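Scroll down for the structure; my scribbles are underneath it.
Values in this text are rule-based calculations from the coordinates and carry no lab data. Please read these numbers as outputs of a predicted model, since none were measured by experiment.
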């Protein structure tokens, strides 16, 4: 069972490729000979909460990875992310497979540092320089890179990892580890869409390169009994302005040297707001007033919980189209970015739909319509014949019915 997450892949890339002039023969073939769907995501529609839902079958409020980054209003964590598997509060599909003494492999999968699996190359970075390669080697399974070419490291400097690195590691894993389950994350497409916008020439070029890599993988799997699941974590939308919450909170004197009255977790189209000092609630509202015209709506705590979002947040803000949130403390509160892209809006936004294509023995050729992201893990559990009792949704019926 091979799961490949193409970060930021939108369903229209394979459901309507002609509309975007995409040359993607492999994805076309997988759709023509397998099952495909749009995926209703999680709140917020960002990478780490989404990937954790895909391996647990529960919402972020339950598995605990409620945002990409932990709460850090004073910047003491040096821009750290929620990298660590020990923070996942419920069982995972890879843990269920390992519990049966069957090999699993995680290749640059989010929230995987410290995961107890047979083969691990985690997603992790710190300085973003060559020393991070040493860090990756130290955090990976001992001997994980033995037999791989030294040139691999030319494109494996976190966080600026290029997709051929992951595909090269996957080839190595399939030849040497023979895992029952592989989870792999590639994200050049996400980078390109953030930098240049969705459906930009740069983004489409990445989709076509990934398609070529997938084609080689499918050729390799032709002689093996394997199921391939292509997924993504979220969609994308264009923006041209950034709403910098840190600037607003600094100007309102809500952040101090050693304490903070408010904290935010900006996630592109949404921002989670934590009121740390209830006495300053009115001041926090006043601080947000300059960007009020660019906020589409405010989600109160109870609604946020119903959406499966962060139960510790006081409320969430949703940006209007063309605007995205940032926690930055420098520049103007409303900063023009030029053509960029982001995600993170609530999952009922059609532009935030994620992707799913299933291909392999026993997979019917069918359109699944829209499925829920929480259904992915229980579907994997059924395919792999392992228990995942904490998952809240049923498997995707068309994919597991004999």
Distance between segment 280-356 and segment 1-69 - C-alpha centres, whole angstrom: 22
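Can you give the helix-only mean residue ellipticity at 222 nm for the chain, where every DSSP H stretch with n ≥ 4 adds -39500 (n - 2.57) and the sum goes over all residues, rounded to the nearest 500 deg cm²/dmol?
Mean residue ellipticity at 222 nm (helix-derived): -8500 deg cm²/dmol.
Starting from the Cα gyration tensor of segment 8-74, multiply each eigenvalue by 5, take the square root, and state the resulting semi-axes largest first in whole Å. Let's see the in-between values first.
Working: eigenvalues 198, 41, 14 Å².
One finds semi-axes of 31, 14, 8 Å for segment 8-74.
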Between residue 133 and residue 366, what length in nm is gained on full extension when 0.36 nm per residue of separation is reduced by their alpha carbon distance? 79.7 nm
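If a/c stays under 1.5 just call it rounded; otherwise compare a/b with b/c (prolate if a/b is bigger, oblate if not). Do that for segment 238-342, with a ≥ b ≥ c from the square roots of the Cα gyration tensor eigenvalues. Before the final figure, lay out the partial values.
Numbers: a/c = 1.91, a/b = 1.16, b/c = 1.65.
Oblate, since a/c reaches 1.5 and b/c is not below a/b.
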Out of all DSSP beta bridges with both ends in the chain, state the antiparallel percent to the nearest 5. 55
Between segment 216-232 and segment 111-164, the alpha-carbon center distance in angstrom: 23
Quotient of C-alpha Rg and 2.2 N^0.38 Å, computed over the chain: 0.97
